[in-house]
Amino acid sequence: MTVWDRPEPPARRPEPLDRERIVAAAVALADEGGLEAVSLRKVAARLDAGPMRLYRYFSTKEELFDLMLDEVHAEILPEEQPGDWREALSVLAHRTRQAALRHEWLADLLGGRPALGPNSLAVTETTLAALDGRAGIDTVMRAVETVSAYFIGAIRREIANLRAERSTGLSKRDWQRDSGPHVTRMLATGRFPALTKAVYDGTDVDAETSFATGLDWVLDAVAAQLARPSA
């Protein structure tokens, strides 16, 4: 039985608990210190409750993570059904990125097995509904998987860079300045001509622009696939 199928225990005195309060406390802890900061003991302490009381609501910490993930999917779910399939997939990608920037731990939970909570399923339904009838179901599924693979990877890379900046105390510009002499020496060997061209001739863009550009390219590829006649 999944955590979604298990009835919520009745509230008990003196300090009533419910899943909503527990999940909110867990999300707050994760926002402060990442998933490693979340344990049933720490969540219970945040709620001034005994740790054993939380086991009436969850069998494992992973079930708590499932509920936290679904809570954030409520932020990803668009308020209105997007107008067409391309807008639907673009909205999904951008709203997921925005949620991950608010809750960096989200990047650690994306890309695994399908999330089965009500908000997660609603996000999936909204996305698939925008593509319904435009191609066979297998093509639709591959399109959604392709776009998801792109934005999940891009989000994880962006969050990893943000964490690196905090852990080292070096901004991207500071890191580039400190590593510049080494990179210059390596490029001067002539062993990396393509990389040399990228370093000296390429345009450095911010994370949001890079994300949006890559997403547009992926959506262009999906559009071309959807336009192909059915076999």
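The values are calculated or read from the model by the stated rules, or taken from the named source; none is laboratory data. It should be emphasised that the depicted structure is a prediction, and the values quoted were computed from it without experimental measurement. Cβ atoms come from the backbone with ideal geometry, glycine included; neighbour counts cover every protein chain shown.
Could you say whether any residue in region 125-132 is among the polar types (S, T, N, Q), buried (at least 19 other Cβ atoms within 10 Å of the Cβ) and modelled with pLDDT of 95 or more? No: region 125-132 contains no residue that is among the polar types (S, T, N, Q), buried (at least 19 other Cβ atoms within 10 Å of the Cβ) and modelled with pLDDT of 95 or more.
Taking region 107-142, which residues are of a type in the set (A, V, I, L, M) and free of Cβ contacts under 8 Å to residues at least 40 places away in the same chain?
Selection gives LEU121, LEU128, ILE137, VAL140, MET141.
Rundown of residues vs (1) among the basic types (Lys, Arg); (2) closer than 30 Å to ASP132 by Cβ; (3) buried (at least 19 other Cβ atoms within 10 Å of the Cβ), yes/no style:
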| site | (1), (2), (3) |
| --- | --- |
| THR2 | no, yes, no |
| ASP18 | no, no, no |
| ALA30 | no, no, yes |
| GLU36 | no, no, no |
| ALA45 | no, no, no |
| THR60 | no, no, no |
| LEU64 | no, no, yes |
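Would you call ARG86 charged (D, E, K, R), assigned to a helix (DSSP H, G or I) and farther than 26 Å from GLU62 by Cβ? In short, yes. One residue is enough: does region 148-165 have a residue meeting the conditions in a helix (DSSP H, G or I), buried (at least 18 other Cβ atoms within 10 Å of the Cβ), at pLDDT below 95 and out of contact with any strand residue (DSSP E or B) (no Cβ under 8 Å at 6 or more places or on another chain)? Looking for residues that are in a helix (DSSP H, G or I), buried (at least 18 other Cβ atoms within 10 Å of the Cβ), at pLDDT below 95 and out of contact with any strand residue (DSSP E or B) (no Cβ under 8 Å at 6 or more places or on another chain), one finds none in region 148-165, hence no. Remark: ARG134 matches the filter, which requires a residue to be farther than 15 Å from ALA100 by Cβ, in a loop (DSSP other than H, G, I, E, B), out of contact with any Pro (no Cβ under 6 Å at 6 or more places or on another chain) and basic (Lys, Arg).
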